[in-house]
Structure formats: C-alpha cells, structure tokens
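Below is one structure, written out as structure tokens; the observations come after it.
The values are calculated or read from the model by the stated rules, or taken from the named source; none is laboratory data. Keep in mind it's a predicted model, so treat the numbers as computed, not measured. Neighbour counts run over all protein chains shown; Cβ positions are idealised from the backbone, glycine included. Just the protein is used for accessible areas: all its heavy atoms, side chains included, with ligands, DNA and RNA removed. Shrake-Rupley method; radii C 1.70, N 1.55, O 1.52, S 1.80 Å.
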Amino acid sequence: MEVQETRVQTDRVLTIPNILSMARLVGVPVFLWLILWPEFGGPNRDLWALAVLALSGVSDYLDGKLARRWNQISSLGRILDPAADRLYILSTLVGLTWRDILPLWLTVLLLARELLLLVMVWLLDRHGYAPPQVNFLGKAATFNLMYAFPLLLLSDGSGWLSSLAAIFGWAFAGWGTTLYWWAGILYVVQVRRILKADAAAD
C-alpha cells in the first residue's frame, strides 16, 4: 500500500510544485518581451523584467522545497523544473546579448554547454534511459547565473548602484559559468558510465 501511494504521488500532474514550474514557464516570454521592448522603440521596463526574474528565482526555490516536503516529487516536475531554468537562462542570454550587456563570447560559451547536454539527453533516450536528476552543482550554477543576470541588467545605467551591480553581477557570472560547465562535464561522465554499463550488459 505504501509503494502504491508513492507511485500515485510520482505520477500526479496538478501539484503545487508543478503549478509553480508552469507559472515560471509562462513568465519566460513575458520576461523576454519586457527586456527587449526598448530595442523596438518601447519604454524601458527593466524593473518589471527584474521583478519577473526575481519571482522566477523564488518559485524555483519553492517548487523543489515543497516537492520534497510534501512528497510531491513527480515525473513531470523533473522535466518542468530544469526546462524552466534553461528557458529563463536562454531568454536572458538572448535579451542581454541583444542589448549588448553580455558579450557574445559568454553567450556562446553557455549555449555550447546547453548543446552538449542536449546531445547527452539524446544519447540516453536512444538507449531507453530518462535524463538523470538535476544535481546540486547544476542547481548552484543556475542560482549563480540567476543572480548574475538581474545584476548585469541593473548595471546597464549610470551611478554608483549600476557600478556596484556590475561588480557583483560579473562575479556571479564568472562563478555561474564555471559551475555550469563543471556540472555539464560531470553529467557527461555520468552518461558515459550509464552507456558503458549498458554496453557491458549486452
């Protein structure tokens, strides 16, 4: 009976953590529109974009914490949570690079890591394996980047606040990028072990 309850919990879709993740996904195009509006002749809405990004960070923390506390870790949540993280990172990269706040080389470096992981997920899927769970290092990298991006957006101005935001923003960006690639390399190692064990079993 206990095993059956765990399975039901795992297969549930409409849980509070999943709803939070879905709300984060809805916020992605809103954030991108707000950050790019000045580039198309609209008013500057950076503060609203920062608010959306901040809410995303809060919900990212809450959905994982609530899922564990309420035993609502689901298969859908394992997909939605990292998908929302990656889409926010992608949309922020596009927006900040378009506005010349981020250099192109950093954007390419982060996107190359995403491409590497997509290849790994494809390889796992070909062999019938689901993607491994997001590890702590990957979440730490995402948190660093999610702190870096709003600070770098805030640095696009003048005055002491913008200068301070630039210092801390680039510090978080450096740590986040390093951890992002470190987590990616560990992911590749993990996938290689899975596929090697699978080949040995055959």
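On the basis of the beta-carbon distance and an R0 of 45 Å, residue 160 and residue 129 show a calculated FRET efficiency of 0.30.
Measuring nothing but protein heavy atoms, the accessible surface of the stretch 81-181 at 1.4 Å probe radius is 73 percent carbon and sulfur. Extents of the chain, largest first, come to 60, 35, 28 Å (Cα atoms, principal axes, whole angstrom).
Computed from the C-beta positions of residue 167 and residue 188, the FRET efficiency with R₀ = 35 Å rounds to 0.60. Taking 0.36 nm per residue of separation and subtracting the Cα-Cα distance, full extension of the segment from residue 178 to residue 61 would add 40.0 nm.
3J(HN,Hα) along the stretch 138-148: x, 5, 5, 4, 5, 4, 4, 5, 5, 7, 5 Hz, from the Karplus curve 6.51 cos²θ - 1.76 cosθ + 1.60 with θ = phi - 60°, whole Hz, x for Gly and Pro.
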